Amino acid sequence: MTDLTHTLSPPTARDAGIDADASSWGRYPGYPQQRHRLWWPNDPLPWSSRGGVLPRGLGRSYGDSCLAHGGTLVDVTPCARLLELDTDAGLMTAEAGASLGAIAAAVLPHGWYPPVVPGTRHVTLGGAIANDIHGKNHWSAGSFGCHVRSIELRRSDRPAPVRLAPGDPMFAATIGGIGLTGIIASATIALARVPGPGIVSRARTFGSWDDYFGQSEEATRAHAHSVEWFAPGARGTVRGAFKLGDPASGPAHWNAEPSTWGVVPFDLPAAATSGPAIAAFNAVYLRACARAARRPQLVPVWPFMHPLDGCRRVNRIYGRRGFLQYHFVVPRGADRTEVPAILATIADRGMRVFLPVMKQFGPVASPGLLSFPLPGTSVALDFPWQGDRLFRLLDELDARVADCGGRVYIAKDARMSGQAFRRFYPRWEELERHRDPAIRSHFWQRVTR
Amino acid sequence: MTGTGLRIAVFGATSALAQAAIRRWAAQGASLVLVARDAGRLEAVAADALVHGAAAVERQVADFSAAARMPDVAANAWNVREGLDVALLAWGSLSDQARAQRDVGYLAAELEVNFVAFACLAEALAGRMRAQGGGTIGLIGSVAGDRARAGHYAYASAKAGLDAYARGLRAACRPHGVHVVLIKPGPTASPMTAHLRPGLLWGTPEAAGDAIVAAIAARRAVRYVPAYWRAIMFVVRLLPDALASRLKA
């Protein structure tokens, strides 16, 4: 069988939405992408492809860290086999293209769950490692990389796959290594024990920043999962809700991966994310959270962990221009003043922000070289396309985040400057030394060249 | 009919469509016999089925290129659990039409693997299922079999032959409680089609897996995958030859 590849995505950001498969989740920026599907983990790889290769999973990275730089994407999603489950020790070995959703569905009936899951179940095991993802349980569990026991990595300069274990320098470079150290064939992770497919869900509201920081430490420590939805108001006001969860047992039919209930069928017009529409949505969502606050509720684990997965192609609400997510973390101590100040700046500039989310990151250190989480407050903000004004503002915010020792999440980034990147991730040169010479991403070229 | 407790054999178990169906049957708790040519790949597919919840998985290595061996292939799969409730025949080779036109040995081999071996294995299994008093045989055909065109008639004619064979076998088996389900996928992203440029109407192995499992559970006679191919091929079959032969392949 020949290994021809083909262009899937047209060249401009505006048109990238025609094939959502080969654009990133934020759909900005868009570049032509060649795709090579990897059907078996040991199939030949197009290492000598002009422009290099880049491993690619389900494309849930928002910016250009999942886009090739004129080269070829190696789509590993067909390599999704679950190879071994040790139900006593709680260890799962799977191919890199297996989704965390598929892993969760296979292990839940045995009383296990992936140790860390992000807001969507549609991420691959390889992507979870490469971005060292975090979840609502960062306080107690740390990031995904803390639970990886071994990685089998294919490199262009090695004839056979390399087996990596914690402690190896190449292992540390691969955790959070945004796919640059090689193509992950398979990996073994340690699962988390759960009583069943249920979550006891609670909510608590807050009405000011002091209120938020006053409650946050206790709320985060007392519950396994915590995430905070909030609406920043004018003049530094804020209101929001903690959504807290603790694993619980539940009926067996909650084990199965739920089907979706809808799809955004086409790109919505800009009015869908206009200021009033966003304010209305944020208000309705917060009211729903506040209503839930009254008493603890037993809910299925799937929608609790992945509230947006019910609707497919939800990124289309931002229209064809796509959107930017700004996801940053401010270290504990500085967060009490800097997080409110940054949000006040955004409000002062009249920028529209959709679905703002906060999380408290805990002290568990990741083995990864370029890991994002550090102890402090993490904030994720979705910005519909707002032109150059937005880019200038985010550059300004980058400097403030770096000044207080924080950083911005690579998996969400489409625009940070090389200078900002090097301040956020001072160990980047170590990753560059471990990079496979045949692997290149648009992000890496942008921030290191 | 769900897969719980069913004895299911899949021939050509490492094909992309077969893997998707196997995963679903495994999650339903079926007992599987997986038959394929490549032992290494078969091991990965079998491991995946076990983790997804299969009650038991038996691996058998076999080559589908020689029709004369099909009675043995059927017997080996049958004997694992003294019978089979469901058999899926899912291997395939997308013949190189240009080569088939100049290399008669290749043409004969392609027709054998894509049609003769299918018919022989289906017949061997049907005989056993009739004696057993029931069962379902799923055959992976193709929309290509509905209308042969210049670009791929070696492959299409084999699938057309399979279509006719399935029809006859279905009629012969029905009185004995044995069902024959012909699945006709449109072009699907898979290793078999990796050298082709995907178009708008292409399906995914995952959707095909859902459709295969559902069609076999419902004992459908013919299932197009995705379902819109039924309408497309209805129109394509109505085209007069004089017009159809001018369409690009």
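What follows draws every value from the coordinates through simple rules; no lab data is involved. This is a predicted model, so every value here is computed, not measured. Cβ sites come from the backbone with ideal geometry, for glycine too, and all protein chains shown count toward neighbours.
Remarks
- Across region A:178-192, computed HN-Hα scalar couplings (Karplus, 6.51 cos²θ - 1.76 cosθ + 1.60, θ = phi - 60°) run 6, x, 8, 8, x, 9, 6, 8, 7, 8, 10, 10, 8, 8, 10 Hz from first to last residue, x flagging Gly and Pro.
- Interatomic Cα distance distribution for region A:282-423, bins of 5 angstrom, percent: 2, 8, 16, 20, 19, 16, 12, 5, 1, 0
- Working note: Karplus 6.51/-1.76/1.60 with θ = phi - 60° gives region A:360-377 the couplings 8, 8, x, x, 5, 7, 8, x, x, 5, 10, 5, 7, x, 9, x, x, 10 Hz, where Gly and Pro are set to x.
- Within straight-line reach of A:LYS136, meaning a Cα separation under 21 Å, sit the following lysines at least 8 residues removed in sequence or on another chain: A:LYS243, A:LYS359, A:LYS412.
- Mean residue ellipticity (222 nm) of chain B, computed from DSSP H runs ≥ 4 via -39,500 (n - 2.57), nearest 500: -14500 deg cm²/dmol
- Centre separation in Å (Cα based) which lies between region A:362-437 and region B:71-149: 55 Å
- Gap separating the Cα centres of region A:60-134 and region A:290-322, nearest whole Å: 20 Å
- Residue-wise HN-Hα couplings along region B:162-169, as the Karplus relation 6.51 cos²θ - 1.76 cosθ + 1.60 with θ = phi - 60° gives them from phi, are 4, 4, 5, 5, 4, 4, x, 4 Hz; Gly and Pro carry x.
- Sparse-neighbourhood loop sites, trypsin sites (Lys or Arg not before Pro) in region A:43-118 - DSSP loop, at most 13 other Cβ within 10 angstrom: A:ARG50
- C-alpha long axis of helix B:205-218 to longest principal axis of chain B, angle in °: 60 degrees
- Each pair of Cα atoms in the protein assembly as shown enters the Kirkwood radius, and Stokes-Einstein at 10 °C and 1.306 mPa s then converts it into a translational diffusion coefficient of 59 µm²/s.
- Sum of side-chain charges, B:PRO226 neighbourhood, beta-carbon under 11 Å (Lys, Arg +1; Asp, Glu -1): +2
- Assigned charges on the beta-carbon of Lys, Arg, Asp, Glu; region B:88-161 dipole about Cα centre (debye): 140 debye
- Amide hydrogen proximity for B:VAL57: with H placed 1.01 Å from N in the peptide plane, the residues at 5 or more positions away or on another chain lying under 5 Å are B:LEU32.
- Each label was represented as a point 7 Å from its Cα along the Cα-to-Cβ direction; for B:ALA171 and B:LEU243 these points are 2.9 nm apart.
- Computed with the Debye formula from one identical point scatterer per Cα of region A:381-430, without solvent, the log10 of I(q)/I(0) at q = 0.30, 0.31 Å⁻¹ comes to -1.31, -1.36.
- The H on the amide N of A:SER150, modeled in the peptide plane, is under 5 Å from the matching H of A:THR188, each at least 5 residues off or on a different chain.
- Between helix B:39-51 and chain B: long-axis angle, C-alpha atoms, 0 to 90°, nearest 10: 60 degrees
- For A:ALA248, residues with placed amide H under 5 Å, excluding near neighbours: A:GLY196, A:GLY198, A:ILE199, A:VAL200
- Distant alpha-carbon pairs in region B:1-54 (separation over 14 angstrom), percent: 42 percent
- Rounded to the nearest 10 degrees, the angle from helix B:117-132 to the longest Cα principal axis of chain B is 40 degrees.
- From largest to smallest, the equivalent ellipsoid semi-axes obtained for region A:146-202 from the alpha-carbon gyration tensor read 30, 11, 10 Å.
- Taking label points 7 Å from Cα along the Cα-to-Cβ direction, A:ARG392 and A:VAL364 give a separation of 4.3 nm.
- FRET efficiency for the pair A:ARG158 and B:ARG220, taken as 1/(1 + (r/R0)^6) with r the Cβ-Cβ distance and R0 = 51 Å, rounds to 0.55.
- Cα principal axis extents for region B:1-108, largest first, Å: 48, 27, 25
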